[in-house]
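The values are calculated or read from the model by the stated rules, or taken from the named source; none is laboratory data. Everything numeric in this text was worked out from a predicted model, so none of it was measured. Positions of Cβ are backbone-derived with ideal geometry, glycine not excepted, and every protein chain shown enters the neighbour counts. Just so you know, the surface numbers come from the protein's heavy atoms only, side chains and all, with ligands and any DNA or RNA stripped out. Shrake-Rupley method; radii C 1.70, N 1.55, O 1.52, S 1.80 Å.
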Amino acid sequence: MTGTFDGSEHRHAYPRLYELMNALQGRRFTTRLRASPLAVIVTRPDDPTGATQTITCRPRPTDYDRMWFFNDATGEPIAEAADIVDAAVIIAGHLSPAP
């Protein structure tokens, strides 16, 4: 692996992001898989603000390099990539309108 990780260098990033994209589409989010750097772009179709979230997948050094989903804008970890449902719920919560 090179010193600068863009997400596309890890062979497990694409399938995990694809699974996440499908889980979010099942929750009625609009998603797009971006190739370079590898990420899923998520929007809520009925959101008048047009808020988006860009999700990447990469190893997390503080968790023995297990694959994790990250909020690309903040760099914050979302959930372990093996936990697709948990990640989809957290992302949906971030993009849901406030009551």
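Express the relative contact order of the chain as a whole percentage, based on alpha carbon pairs under 8 Å and six or more residues apart in sequence. Working shown, then result.
Working: 166 pairs, mean separation 21.6, N = 99.
Reported relative contact order: 22 percent.
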TODO: Using only the alpha-carbon atoms of the chain, report the extent along each of the three principal axes, biggest first, to the nearest angstrom.
DONE: 41, 24, 23
Open item on the list: Using a 10 angstrom Cβ neighbour count of at most 10 plus a DSSP loop assignment to flag exposed trypsin sites (Lys or Arg not before Pro), which longest range of the chain is free of such sites?
Closed with: 29-99
TODO: Report, to the nearest whole %, how much of the accessible area of the chain belongs to carbon and sulfur atoms, 1.4 Å probe, protein only.
DONE: 51 percent
Open item on the list: How tilted is helix 13-26 with respect to the longest principal axis of the chain? Cα atoms for both, answer in degrees (0 to 90, nearest 10).
Closed with: 10 degrees
